[in-house]
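Structure, as structure tokens:
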Amino acid sequence: MNFASIKNCDIANGIGVRISLFVSGCTHHCKNCFNSEAWDFNYGEKFTAKQQEYIKELLKPDYIAGLSLLGGEPMEPQNVKGLLPFIRDLKKSYPQKTIWCYSGYTFEQLIARNDTDTNELLSYIDVLVDGKFVEELKDISLRFRGSSNQRIIDVKKTLAHDNKIILWEEPQQ
């Protein structure tokens, strides 16, 4: 798996200060995608043990809330295979850190794959922002999403309720 970039101080893609990993490869090709250069699965660099350790180091400080997975498309089957061992290990090292994932696939499409790797990766994700970006539904007033069709799903609660979608609620300050 390749990645396009790693952001070490991101406050736009989830709650709190986060580390963001932008993976390479996406088959959705949404109109006016903000990251279309990452559609190519060969774009960027190989996601090696060195980058994985770098991300783990970036996550160490208490003020870092967690990791956000973006793309490209983290939930493309080949990216799931590349991310799963890393995320599995990351959750063992940092169980208190949250994982947000941005995917053009809907939660229902991901579950319908009935794929062991996809299901396991979903089990580690706390919040899934799902659905393709739709230019005609773009709304810059929306928090953590680009178009009004996209949902912010509390994955843990959704999985606990037999995959009945439970939307994420922002914690009260």
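When the listed pairs LYS7/LYS50; LYS60/LYS92; LYS97/LYS132; LYS81/LYS138; LYS7/LYS46 are checked against a 19 Å cut-off, the alpha-carbon distance exceeds it for LYS97/LYS132; LYS81/LYS138. Ligands, DNA and RNA are left out, and with a 1.4 angstrom probe the accessible area of the chain is 52 Å² per residue.
For LYS56, the aspartates and glutamates whose Cα falls under 16 Å of its own Cα, not counting residues fewer than eight places away in the same chain, are ASP10, ASP89. What percent antiparallel are the DSSP beta bridges of the chain, to the nearest 5? Percent antiparallel among DSSP bridges in the chain is about 50. Between VAL134 and THR116, the modelled label-to-label distance comes to 3.6 nm, taking each label 7 Å out from Cα in the direction of the beta carbon.
The slack in the chain from ASN163 to TYR63, taken as 0.36 nm per residue of separation less the alpha-carbon distance, amounts to 32.9 nm. With N counted as the residues of region 1-148, its alpha-carbon radius of gyration over 2.2 N^0.38 Å works out to 0.98. Structure remark: mean-square fluctuation, Gaussian network model of the chain, C-alpha springs under 10 Å; the largest value among TYR54, TYR102, TYR43 belongs to TYR54. Each residue, LYS50 and GLU170, gets one label point 7 Å from its Cα in the Cβ direction; the gap between the two is 3.9 nm. Go ahead and set up a Gaussian network model of the chain, Cα springs under 10 Å, then flag whichever of ALA160, ALA12, ALA65 fluctuates most. Maximum fluctuation in the GNM of the chain, among the listed residues, is at ALA160. Across region 116-173, Cα pairs under 8 Å and at least six residues apart give a relative contact order of 30 percent. Surface calculation, 1.4 Å probe, protein heavy atoms: ILE153 sits at approximately 0 Å² accessible.
Using C-alpha pairs below 8 Å separated by at least 6 residues, the relative contact order for region 1-62 is 36 percent. Comparing PRO77, PRO61, PRO95 in a Gaussian network model of the chain (Cα springs below 10 Å), the most mobile by mean-square fluctuation is PRO61. Net charge dipole, the chain: roughly 300 debye, given to the nearest 20, about the Cα centre with Cβ charges of +1 for Lys and Arg and -1 for Asp and Glu. For the chain, the 222 nm mean residue ellipticity estimated from helices alone, with every DSSP H stretch of n ≥ 4 adding -39500 (n - 2.57) and the total spread over all residues, rounds to -8000 deg cm²/dmol. Only Cα pairs under 8 Å and 6+ residues apart enter the sum, and on that basis the relative contact order of the chain stands at 18 percent. With the Cα gyration tensor of region 129-173 giving a ≥ b ≥ c as the square roots of its eigenvalues, does the rule (a/c under 1.5 for rounded; else a/b larger than b/c for prolate; else oblate) give rounded, prolate or oblate? Oblate, because a/c is 1.5 or more while a/b does not exceed b/c.
The values are calculated or read from the model by the stated rules, or taken from the named source; none is laboratory data. This is a predicted model, so every value here is computed, not measured. So basically every Cβ, Gly included, is an ideal-geometry build from the backbone, and we count neighbours across all protein chains shown. We work out accessible area using only protein heavy atoms, side chains counted, and drop any ligands, DNA or RNA first. Shrake-Rupley method; radii C 1.70, N 1.55, O 1.52, S 1.80 Å.
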